[in-house]
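Quick notes on the structure that follows.
The values are calculated or read from the model by the stated rules, or taken from the named source; none is laboratory data. Treat the numbers as computed from the prediction; the structure is a model and nothing was measured. The accessibility values were calculated without ligands, DNA or RNA, using every heavy atom of the protein model including side chains. Shrake-Rupley method; radii C 1.70, N 1.55, O 1.52, S 1.80 Å.
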Amino acid sequence: MEKNSCGVDISDNNLEEATKKGRRIIKMDLNQPRDIGENFDAVFISHILEHVDSPINLLRYANKQLGPKGMIVISVPNESSFANLIYPYYTHDSNHIYGFTIANMKELLSATGFDNINLYYDYYTAITKKLRINNFLKVLDVFPSFIKNPASWAFWFTAKKI
């Protein structure tokens, strides 16, 4: 973690662990984010957007926390993945409130003040590592999106603040 970075979490256990490791962290409910009082070069949001009440409000908040030419890096699970067919995490009793597609993530990012949006497919999990197939999975990048999409358990996006 960079010395000028700051983490945000609501879990007391996570806050305690980060503090023990000398990390700067703020307790915050991202359903009701508050201004941190400084701007950052980048905001990293990994597998959070599907859990908050208003993803658009969180993305607007992230944009406000960025300095000029700031960048967002965000990941969301892929609800149309093979992994979801085997282990359905978009069920009525799941803690995922929303599911995202590539198209609606690009639209959300654009609507909240981001452009230069890039997409990355994430095929790698603890299981693929254990099976030692990660090197094989790299080949998927040369295939069209209709093959990459179901093979990807998550999507990563980068975008620049407008």
From the phi angles alone, apply the Karplus equation (6.51, -1.76, 1.60; θ = phi - 60°) to region 149-159 and give each ³J(HN,Hα) in whole Hz, x where the residue is Gly or Pro. 4, x, 7, 8, 7, 8, 10, 10, 10, 10, 7
Can you list residues from other chains, or at least 5 along the same chain, whose modelled amide H is less than 5 Å from the amide H of ILE45? VAL73, ILE74, SER75
1.4 Å probe accessible area per residue over the chain, in Å²: 63
For the chain, what does the relative contact order come out to in percent, with C-alpha contacts under 8 Å and a separation of six or more? 24
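Could you please put THR19, THR128 in sequence from largest to smallest accessible area, using a 1.4 Å probe? Show your work: numbers first, answer last.
Numbers: THR19 90, THR128 20 Å².
Solvent-accessible surface, decreasing: THR19, THR128.
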Accessible-area composition of region 1-129, carbon plus sulfur, in percent [1.4 Å probe]: 52
What are the ³J(HN,Hα) couplings of region 63-78, residue after residue, when phi is run through the Karplus curve with 6.51, -1.76, 1.60 and θ = phi - 60°? Round to Hz, x for glycine and proline. 4, 5, 7, 8, x, x, 6, x, 10, 10, 10, 9, 10, 9, x, 9
For region 20-152, what is the largest minus smallest coordinate of the Cα atoms on each principal axis, given in angstrom and ordered from greatest to least? 44, 34, 33
